[in-house]
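Below is one structure, written out as C-alpha cells, with a few remarks after it.
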C-alpha cells in the first residue's frame, strides 16, 4: 500500500515523450488508483456473504505460495541386501499449518557400482514415510510418484509431483517429514548398497498459521 507521505502537493511531472504536464492532483489520483487495484487491498466480507450481527469480516488478499529448495550435494541412501530398500530423512516441517501444493525433484543418482551395479534399476520417490518395502507405495510416494532409474552409473532422477500426490496438509506427526526413498535395488553384490544423490528438490507450499 502507498504511504501517504509519498504523495505530493508541490511538484509537477511531465509525461515521457510528450509535453503534457502532470499536476500534483493527477499524480496523487494515480497512486490511489494503483493502491485500490493491488492484490493485497482489503475487501469486506460482505462481498461474499451476509454476516451475523456478531461477526465482522475482512480480507487481506491472496495467500502467498512459498517455494523451498533443497539442494543435495552427496545425499547417500543405503539399502541392505536383505531389505533391498532404504530412506534418507531430508526435512522435518515446522509444527504449523501448512499445505504442500506441489513438489519437483531434479537429481542425479550415483550407484556405488558394486552392491548396486550399473545394470541395476532401483526405484526412487519422495514421501512422508520412510521406505518399508521394495516396491514403494502409499505414503512412501505421496510427495512425488515413483520413478525407475535407468541403467548406467549416474542416471537422472527427475520427477514432478502431481496434484493427487503432493496436495496435502502438513501438521505435527508422521506427515510432517520428507524422505528420499529407494527400492528394488537388486544389490547384486550381496551387501549393503548405496545410491548417492545430488541436485535440487523444490517444494511449493502455503503457510496458514501457527495452529496445527
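Maximal additional length on extending the residue 138-residue 55 stretch stands at 25.7 nm, based on 0.36 nm per residue less the C-alpha distance.
Peptides 149-156, 119-126 ranked from most to least packed give 119-126, 149-156, packing being the mean of other C-beta atoms within 10 angstrom over each peptide's residues. Residue 83 to residue 207: FRET efficiency via 1/(1 + (r/R0)^6), r the Cβ-Cβ distance, R0 30 Å, to the nearest 0.05? The value I calculate is 0.25. Listed from fewest to most Cβ neighbours within 10 Å, the set 65, 116 follows the order 65, 116.
Computed from the coordinates by the stated procedures, all read-outs in this text should not be read as laboratory data. Keep in mind it's a predicted model, so treat the numbers as computed, not measured. With ideal geometry, Cβ positions are generated from the backbone for all residues, glycine too; neighbour counts draw on all protein chains shown.
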